[in-house]
Structures are given as structure tokens and as C-alpha cells.
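Step one of this worksheet: look at the structure below.
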Amino acid sequence: MLRSGLTWNTLVGMTNTPLLTRDLKAAVSGGRLEVVYQPIFRLHDWSDITSRPAAVEALSRWNHSVMGSVSPVRFIPLAERAEFLEELDRLVLAAALAQLREWHRAGHVIGLSVNASPTHFASEYVDAVLERAENLGTPGALTVEIIEAPSPQLIPDMNGALTRLREAGVVISVDDFGGGDTTLEMLEMLPIDEVKIDRTLTQRDDAEADDAVRAVVESGRAHGWRTVAEGIETIADLERSRDRGCDRGQGFLLGRPTTPDGIERMLRRAG
């Protein structure tokens with residue numbers, strides 16, 4: 001929703017990409033992005049709102065001082081094009097790990113997923129993850145999600161970085177499988193622990209989507225990957241994902257992104 005008193009001329013100015021990019025960079029540099037958390041459930045455990053999440057995915061949100069809420073679909077590409085996406089992801093990483101430690105100190109057993117671009121694995125981002133996760137104390141509590149298909153040229157260089165993370169107990173996930181160019185052959189070239197299946201497959205009820213998901217699930221069982229169905233928004237999506245053999249799921253039916261307090265209430269309610 002736009003702020004009250006916003007004029008047409010102001011709107012036109014603020015939606016100008018260079019100006020919006022400038023404001024986003026200032027928000028990132030100033031630590032003014034909000035981090036929210038979407039719960040992830042073991043599908044065989046989920047029954048209703050009293051169910052306990054196995055993990056949460058940390059997601060960035062930007063509340064512009066004039067425009068109000070700006071969608072990540074808009075601002076993440078801006079950060080990537082202006083080459084400060086890694087800075088944004090480091091901000092989310094720091095805030096999310098601090099929050100995870102609070103949950104663990106409160107006695108809650110829960111994992112955390114953060115997003116990372118393939119290009120981060122050729123930078124000092126890996127060192128930042130290892131440094132911040134060093135004292136986490138719970139092996140497997142942190143998952144790093146590769147948010148897009150890496151180019152074949154990047155894979156050899158990525159493998160060393162991903163192996164370092166795995167050796168430190170960090171779980172490696174590939175996000176949005178089926179929504180881009182990633183193939184099963186590419187997955188098998190990466191040292192990974194989890195595959196997240198894109199909503200475009202989760203929400204489709206046809207033989208082609210069914211075969212694609214079942215192929216990932218079967219490969220997952222063969223290689224030891226966990227499979228997560230994304231975009232579960234209806235009971236039909238949930239039942240279909242269970243029937244296809246997915247291990248975990250997330251989506252608006254199971255739980256929308258919420259504040260740390262919202263996750264805390266969910267964990268207490270589950271007992």
C-alpha cells in the first residue's frame with residue numbers, strides 16, 4: 001500500500017530504477033531490511049496450525065519510506081544487477097542466525113534456511129557463513145539454498161566451496177527445481193543434501209509433473225537428498241506432495257512468512 005499523500009509525480013520518480021536501486025542500497029547498508037520466516041514442515045507430521053515446524057526459511061522484506069512494501073520480486077533483481085546482492089544476503093544471514101540462536105537458547109529444536117546466489121560461492125561469502133555458523137552448536141541446523149541453476153562452468157569451482165560448508169555441518173540445498181534450467185544430471189554433479197521442488201510442479205496435477213517430481217524423489221532416495229515441495233497452497237497440493245513421496249513442504253496452506261514472534265508462538269503452541 002502506498003503511503004498517504006503520495007502524488008503521481010512522486011510515484012513516477014520513486015519507481016525509476018536508478019532511484020529505487022539507490023534507496024535499496026541505502027536500506028541494505030543501513031540494515032533496514034526486515035527478515036521474516038516461512039515455516040517448513042515434515043509432511044507426515046503436518047495436520048493443522050498446531051503442528052511443529054522442522055525449519056524456517058529466512059526471507060528479506062523491504063518497507064520503503066514512501067512506497068511502502070516493495071516486493072522481493074522487484075528488489076532482489078535490482079540488488080543483483082547493481083552487484084550488492086551478496087551484501088543483502090549477508091545482512092539476512094546475520095539477522096537470521098542471531099534469531100536462530102535465540103530460538104535454540106529457548107529450547108526450540110528448529111532449523112534455518114538462507115538463500116545464496118551461485119556466484120556467492122566464488123567469493124568470501126562462504127567464509128562469512130562458516131564464521132557465523134561456527135558457534136551454532138547444532139550440526140545440520142543451517143541450510144544454504146542455491147537460488148538458481150549454476151552454469152556448468154561454475155560447478156567445478158562451486159564444489160570446493162560447497163564441500164567446505166558440508167564438512168562444517170551446513171546443509172546444501174538447491175532451490176526451485178523444475179522452475180528453471182536445472183536438470184537431474186546437474187544436481188548429481190553437486191555435493192548437495194536437499195532439493196526444493198518448484199511450485200510450478202507442486203501445484204500441477206498432470207502426468208508430466210507427477211513423473212518429474214517422482215524422478216527427483218527417487219534420485220533423492222538414491223543419493224541421500226531430502227526433498228521439499230514448495231508452494232503448497234491447497235489441500236490437493238498437500239496430498240499430492242505426500243503421495244509423490246516428498247519429505248517436507250512449505251507454502252501458504254502450511255504457514256505464511258511471519259515475524260520471529262509469529263514463529264515463537266507456533267513453536268510454543270506445538271509444545
Q) When segment 59-83 is examined, which residues are found to be without any contact (Cβ under 8 Å) to a residue 60 or more places away in the chain and more than 14 Å from the chain's Cα centre (by Cα)? A) Trp62, Asn63, His64, Val70, Ser71, Arg74, Phe75, Pro77, Ala79, Glu80, Glu83
Q | Candidates Arg240, Arg221 - the one that is over 19 Å from the mean Cα position of the chain (by Cα), at pLDDT 95 or above and buried (at least 17 other Cβ atoms within 10 Å of the Cβ) | A | Arg240
Q. How do the strands (runs of 3 or more DSSP E) wholly within segment 1-119 filter down when requiring 1 or more residues that are modelled with pLDDT of 95 or more and more than 27 Å from Leu162 (Cβ to Cβ): which remain?
A. 34-42, 55-64
Q: Select from segment 221-270 the residues that are of a type in the set (Val, Ile, Thr) and assigned to a strand (DSSP E or B) and write down the one among them that is nearest to Gln203 (Cα to Cα).
A: Val228
Q: Determine whether Ala229 is in contact with a helix residue (DSSP H, G or I) (Cβ under 6 Å, 6 or more places away or on another chain) and either among the small types (Gly, Ala, Ser) or touching a residue at least 60 places away in the same chain (Cβ under 8 Å) (or both).
A: yes
Q: Scan Gly111, Gly107, Gly68 and give me the residue that is within 27 Å of Pro191 (Cα to Cα) and out of contact with any helix residue (DSSP H, G or I) (no Cβ under 6 Å at 6 or more places or on another chain).
A: Gly111
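Listed here are the residues, each with its yes/no results for (1) surrounded by 20 or more Cβ atoms within 10 Å (Cβ to Cβ); (2) free of Cβ contacts under 8 Å to residues at least 24 places away in the same chain.
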position	(1), (2)
Gly107	no, yes
Gly111	no, no
Tyr125	yes, no
Ala133	yes, no
Gly137	no, no
Ala141	yes, no
Val144	yes, no
Q | Count - residues of segment 170-189 that are surrounded by fewer than 17 Cβ atoms within 10 Å (Cβ to Cβ) and either touching a Cys at 6+ places or on another chain (Cβ under 8 Å) or assigned to a loop (DSSP other than H, G, I, E, B) (or both) | A | 5
Q: Filter segment 143-168 for residues that are closer than 19 Å to Leu100 by Cβ and under 18 Å from the mean Cα position of the chain (by Cα) and give the result.
A: Thr143, Val144, Glu145, Leu165, Arg166
Q | Residue check, Glu145 touching a helix residue (DSSP H, G or I) at 6+ places or on another chain (Cβ under 9 Å) and acidic (Asp, Glu) | A | no
Q | Subset tally (residues that are of a type in the set (D, E, K, R) and in contact (Cβ under 8 Å) with a residue 24 or more places away in the chain) for segment 33-58 | A | 4
Q | Candidates Asp210, Asp261, Asp205 - the one that is acidic (Asp, Glu) and either out of contact with any helix residue (DSSP H, G or I) (no Cβ under 7 Å at 6 or more places or on another chain) or under 29 Å from Gly107 (Cβ atoms) (or both) | A | Asp261
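Each row is one residue, and each column tells you yes or no for (1) closer than 22 Å to Val73 by Cα; (2) not in a helix (DSSP H, G or I).
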| position | (1), (2) |
| --- | --- |
| Pro139 | no, yes |
| Glu145 | yes, yes |
| Ile192 | no, yes |
| Asp210 | no, no |
| Arg214 | no, no |
**Q.** Single condition Ser151 does not satisfy, out of (1) of a type outside the set (Phe, Trp, Tyr); (2) modelled with pLDDT of 90 or more; (3) surrounded by fewer than 17 Cβ atoms within 10 Å (Cβ to Cβ)
**A.** (2)
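The values are calculated or read from the model by the stated rules, or taken from the named source; none is laboratory data. Please read these numbers as outputs of a predicted model, since none were measured by experiment. So basically every Cβ, Gly included, is an ideal-geometry build from the backbone, and we count neighbours across all protein chains shown.
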